[in-house]
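Worksheet for the structure shown next.
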Amino acid sequence: MKYIPVVMLFFLYFINAKAQNSVELSLNINKNDTFYYAETYNAETLQFINGKNNKVSNNINSYYTLNVINATADSLFEIGLTFNKIITKTKLDENQLIINTDSVSEMKTEAEALYNSLINKSFVYLVDKYYCVKNSYAYNNKLNSIIDSIQIDKSRIKSYQTFFDYNNPLLKHKVIKPASKIIIKDSVYSIYDSLKIDIFNFTDIQQTCDNISLKQSSFNSYSNVFTDKNVANEINGLHIYYDTKGKSESSFVINNKTGIVVEYKSKLIVKGNVIIKYSKKGLPAYIWPITINVENNYILEESNNLDLN
């Protein structure tokens, strides 16, 4: 069973207060700016199978650098995403599998080979002033090249899709798409775009601007979440359908100088049924209740352009 961590956000927003009742958001970073992040997510899936609760937990700790390679006069920014360390831990009952890229001396498994191959590789992409990613295909092409070099079977790639998707620059910037101006006196503004990441659809997205100070500002975000029960997820030869719905909420703090996120926290919970078939047109082989809980947090640990104390 795969576990879907909630959105791993990466915003780069600059706040410009006007008469204390609105803010304008845009990217304000410079060439050679470097930001070091530590991120964790914990996903727990509870399934009631044959009268017994079956619980699986999945944890990923990732440490990565975002480097501004270049910044042009027309506010186009070249960003390099580099993974420094990845630690994964999967637990099913008493069985536990741990992968730490800092201690992988001999790559015995496919997962060890994949995560280790991502370390110290720079995934370069372009964003404009308003966070529109110009070449996310560069990330996908490099990722596909790594997958091909490890010779991962196509039927197995889906097992890693969550990690791939949530680190895709296009999704990182598109997770919440704010208006160019937030009216502080109203506090709330709606995002009319829906968002799909892996099996999850995020709708009715709203943000609140809770606090603006001289140094940083705080935001909250809320959305409904559902999975499309008619779309099959093909994993290891099985056709898995998720019929679930729930809520997602998050909070994040941005630095007013550069606009980068210095702290992010989010929670996601969905409940419903998982349906497993041996073929798309076949009858369900198994149906059982499922609950997925995810907590996703990250923090800016260090920057050459910010005083974090």
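The values are calculated or read from the model by the stated rules, or taken from the named source; none is laboratory data. Just so you know, these numbers come straight off a predicted model, no measurement behind them. Note that we place each Cβ from the backbone using ideal geometry, even for glycine, and neighbour counts take in every protein chain shown. Note: areas computed on protein heavy atoms with side chains; ligands, DNA, RNA excluded. Shrake-Rupley method; radii C 1.70, N 1.55, O 1.52, S 1.80 Å.
Cross-link check: pairs Lys55/Lys245; Lys129/Lys257; Lys55/Lys85 evaluated at a Cα-Cα cut-off of 23 Å; pairs beyond the cut-off: Lys55/Lys85. Computed from the Cβ-Cβ distance with R0 of 25 Å, the FRET efficiency linking Lys245 to Ile276 stands at 0.85. The apolar share of the surface of the range 112-158, taken as the fraction of accessible area on carbon and sulfur atoms (1.4 Å probe, ligands and nucleic acids excluded), comes to 45 percent. Maximal additional length on extending the Asn220-Lys55 stretch stands at 56.4 nm, based on 0.36 nm per residue less the C-alpha distance. Its residue count N sets the reference 2.2 N^0.38 Å, and the alpha-carbon radius of gyration of the range 183-309 equals 1.39 times that reference. The stretch between Tyr286 and Gln96 holds 65.9 nm of extra length on full extension. This uses 0.36 nm per residue minus the Cα-Cα distance.
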